[in-house]
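Engineer: I have a structure here, written as structure tokens, and I will follow up with some questions on it.
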Amino acid sequence: MDDGDGRTDHIGPLEDPRPSLPADTTAAVDILVALWTRTARNGTPQLSALQLHALHAVRSAPGLNLGALAGAIGTAPSAASRLCDRLEAAGMIRRVPPPTNRRTIGLSLTRRGQDALDAVSARRERLLREVLDRMSSDTRGQLLTGLHAFAAASYAADLDAPHRS
């Protein structure tokens, strides 16, 4: 499809002249994931990726029950229950019966859980700032444009994209 400036943008199956694009993208994402994970493990408190995912899920949906949390983080309910035991013992979540249904237990973040998420986000932003500062302004703009397009394509494809926090 000609977008008016003489370029042709293809929407559909990958037709990039660089067959290494998926592998190159994977390599870049692997670096980002390693940096991202390190920011959760190398701070106080130290959080595993699964613990962090659970805290984000609970923050996004206060009152979430254990079964919904298990689905949101991709674990069995028994594993989610043990995870909640650890997070509750660490003072990061609390289990509260919702007023409308006493047969289930809702999960909510404590102040400590919120502070932990805020601390991880701050470390991630500092890390990204350090990396982005090493890139030209044009390259940063291209990266952001590409990431927005990637996110839109992921959501449009109805992929199980990570939740937004």
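The values are calculated or read from the model by the stated rules, or taken from the named source; none is laboratory data. The structure presented is a predicted model; accordingly, all values stated were derived computationally and were not measured. Cβ atoms come from the backbone with ideal geometry, glycine included; neighbour counts cover every protein chain shown. Just the protein is used for accessible areas: all its heavy atoms, side chains included, with ligands, DNA and RNA removed. Shrake-Rupley method; radii C 1.70, N 1.55, O 1.52, S 1.80 Å.
Engineer: Looking only at segment 50-68, decide whether some residue is within 15 Å of the chain's Cα centre (by Cα), over 17 Å from SER108 (Cβ atoms) and surrounded by 13 or more Cβ atoms within 10 Å (Cβ to Cβ).
Structural biologist: yes
Engineer: Does SER154 qualify as being surrounded by 10 or more Cβ atoms within 10 Å (Cβ to Cβ), touching a residue at least 40 places away in the same chain (Cβ under 8 Å) and of a type outside the set (A, V, I, L, M)?
Structural biologist: In short, no.
Engineer: Okay, next question. Check ARG123 against each of (1) within 17 Å of ALA28 (Cα to Cα); (2) part of a helix (DSSP H, G or I) and name the one condition it does not meet.
Structural biologist: (1)
Engineer: A further question on this structure: Of the conditions (1) at pLDDT below 85; (2) over 22 Å from ARG111 (Cβ atoms), THR39 clears all except one; give me its number.
Structural biologist: Only one criterion in (1) at pLDDT below 85; (2) over 22 Å from ARG111 (Cβ atoms) is unmet by THR39, namely (2).
Engineer: Oh, and also: Just to verify a result, which residue in segment 110-120, among those that are modelled with pLDDT of 95 or more and either of a type in the set (Gly, Ala, Ser) or not in a helix (DSSP H, G or I) (or both), is surrounded by the most Cβ atoms within 10 Å (Cβ to Cβ)?
Structural biologist: Checking each candidate, the answer is GLY113.
Engineer: Filter segment 80-109 for residues that are within 20 Å of ARG41 (Cα to Cα) and assigned to a helix (DSSP H, G or I) and give the result.
Structural biologist: Across segment 80-109, the qualifying residues are ALA80, ARG82, LEU83, CYS84, ASP85, ARG86, LEU87, GLU88, ALA89.
Engineer: Which residues, taken from segment 121-151, are in contact (Cβ under 8 Å) with a residue 24 or more places away in the chain and open to solvent by 60 Å² or more (accessible area, probe 1.4 Å)?
Structural biologist: Hit for segment 121-151 is VAL131, nothing else.
Engineer: For segment 69-79, what are the residues that are out of contact with any helix residue (DSSP H, G or I) (no Cβ under 6 Å at 6 or more places or on another chain), surrounded by 12 or more Cβ atoms within 10 Å (Cβ to Cβ), of a type outside the set (A, V, I, L, M, F, W, C) and assigned to a helix (DSSP H, G or I)?
Structural biologist: Answer for segment 69-79, where residues must be out of contact with any helix residue (DSSP H, G or I) (no Cβ under 6 Å at 6 or more places or on another chain), surrounded by 12 or more Cβ atoms within 10 Å (Cβ to Cβ), of a type outside the set (A, V, I, L, M, F, W, C) and assigned to a helix (DSSP H, G or I): just GLY71.
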